[in-house]
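Take a look at the structure set out below.
The values are calculated or read from the model by the stated rules, or taken from the named source; none is laboratory data. Please read all numbers here as calculations on a predicted model, not as lab measurements. Because the Cβ atoms are built from the backbone with ideal geometry, glycine has one as well, and the counts that use them run over all protein chains shown. Ligands, DNA and RNA are excluded from the accessible area calculation, which covers all protein heavy atoms including side chains. Shrake-Rupley method; radii C 1.70, N 1.55, O 1.52, S 1.80 Å.
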Amino acid sequence: MKSLFGTLADGTTVHSWSLANGGTRMKVLSYGGIVQSLEVPDRRGRYANISLGFDNIEDYVAGSPYFGALIGRYGNRIDKGRFTLDGDAHQVDVNDGVNSLHGGAKGFDQHVWDVEPFAKGSDVGLHLHHTSVDGEMGYPGTLKVKVTYTLTKHGDWRIDYTATTDKATVVNLTSHVYWNLAGEGSGTIENQELKIAASRYTPVDAGLIPTGEPAPVADTPFDFSRTKRIGEDLREAHQQLLYAKGFDHNWVLDKGISPRPEWIATLKDPSSGRTLRMATTEPGLQFYSGNFLDGTLVGSGGNVYRQGDALCLETQHFPDSPNKPSFPSTVLRPGQTYRSTTVHSFTC
Ligand code: BGC
């Protein structure tokens, strides 16, 4: 079901699409492919919206920390926005101190996507299309992107990304949903429990750029290889936590790049019983513990969002891969198709 969500300053209309299947309900905006709400039941059958967002387009445009949005052309950071590809130096938009974050000041999260609904067998969903022109935000090549959101009969939300280019470029697409399994606006996620199938992570410098040397998570606050309460080690005086004001790091998934989505993480809220299981084809997972939420934004349910009121689990290639030859490559060339799939399964 399609409805008008709002109008941008230049007159472009933004629509909201409602999807429901297998007990999961979601609303998706044509602006940024934003998941504006995602509702699932708790163990007593009570629904809550478990994704942070706004109830109007003006707030998204005024300055959203990527609530629910599609991220591109490059998820996470590129050191000083610079990289060299096939001998050519590129400077992409710098929007995070001296670095480039999530595609630059106007990333895919701020474009209006073409949205086409579909129903196929027992699935329902949306195809979202966006063309990023050659040179946009400094990236080479015209990039044609297609993202498919599918809600399955089991209530799983699946994202399939594909992209093609007409010049060599770098691509790293992801989704920036802020999860709070107890419900958006209900307070901290510190008592929710997380497990990540990773024995290493990529430590960062003060600007949150990976040093390039993955480190073991064993005996550090970064060890989520066994289920752990998120708040358990969050206040440990570990240099990496100080840099990021909490968790904001890339976990090196043990499975590596896989042709099919494989399970990589489970988030559980013991109070409601809601559980999110994630599977992906990607080699990395950015776990961000909502460190920069600071009580200045009023969410869709009317409550203020404060530090740690949600967390992001962004499947991805590693940050700054264009400058890190030892990381899996993010280069896409003409004739190749970028593919990435992530599946979110909800139980209670
Ligand atoms: C980044 C954070 C950033 C946030 C934007 C995350 O993906 O890792 O450093 O602040 O997005 O709100």
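Summary of values
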{"read-out": "Point-to-point label distance, SER329-GLU116, nm (Cα→Cβ direction, 7 Å offset)", "value": "3.1 nm"}
{"read-out": "Amide hydrogen neighbours beyond the local backbone of SER340, cut-off 5 Å, H modeled", "value": "TYR161"}
{"read-out": "Solvent exposure of the chain as accessible area per residue, Å², 1.4 Å probe", "value": "40 Å²"}
{"read-out": "Efficiency of FRET from Cβ geometry, THR162 and LYS2, R₀ 25 Å, rounded to 0.05", "value": "0.60"}
{"read-out": "Cα centroid separation - segment 5-35 against segment 85-108, whole Å", "value": "27 Å"}
{"read-out": "Relative contact order [Cα under 8 Å, 6+ residues apart], the chain, whole percent", "value": "18 percent"}
{"read-out": "Long-range amide H partners of VAL204 with built H, under 5 Å", "value": "THR211"}
{"read-out": "Whichever lysines have a C-alpha closer than 23 Å to that of LYS255, once near sequence neighbours (fewer than 8 apart) are set aside", "value": "LYS195, LYS228, LYS268, LYS324"}
{"read-out": "Heavy-atom accessible area order for PHE54, PHE118, largest first, 1.4 Å probe", "value": "PHE118, PHE54"}
{"read-out": "Calculated from backbone phi, Karplus (6.51, -1.76, 1.60) coupling profile of segment 270-284 in Hz, x at Gly/Pro", "value": "x, 5, 9, x, 5, 10, 10, 10, 10, 10, 8, 8, 6, x, x"}
{"read-out": "Spin-label pair SER271/THR220, simplified geometry with 7 Å Cα→Cβ offset, distance in nm", "value": "3.1 nm"}
{"read-out": "TYR47 versus VAL98: modelled label distance in nm, points set 7 Å from Cα along the beta carbon direction", "value": "5.0 nm"}
{"read-out": "Peptides ranked, highest mean first, by Cβ atoms within 10 Å: ranges 223-235, 266-278", "value": "266-278, 223-235"}
{"read-out": "Radius of gyration and Dmax over the Cα atoms of the chain, both given in Å", "value": "18.8, 59"}
{"read-out": "Percent accessible area from carbon and sulfur atoms, segment 2-347, protein chains only, probe 1.4 Å", "value": "48 percent"}
{"read-out": "Sites ALA237 and ASP205 - FRET efficiency at Förster radius 25 Å, r taken between beta-carbons, to 0.05", "value": "0.90"}
{"read-out": "Computed [θ] at 222 nm, helices only, for the chain once each DSSP H run of length n ≥ 4 contributes -39500 (n - 2.57)", "value": "-1000 deg cm²/dmol"}
{"read-out": "Length gained when the stretch ARG339-LYS245 is fully extended (0.36 nm per residue, less Cα-Cα span)", "value": "30.6 nm"}
{"read-out": "Gained length - HIS127 relative to ALA9, 0.36 nm times residue gap less alpha-carbon distance", "value": "40.0 nm"}
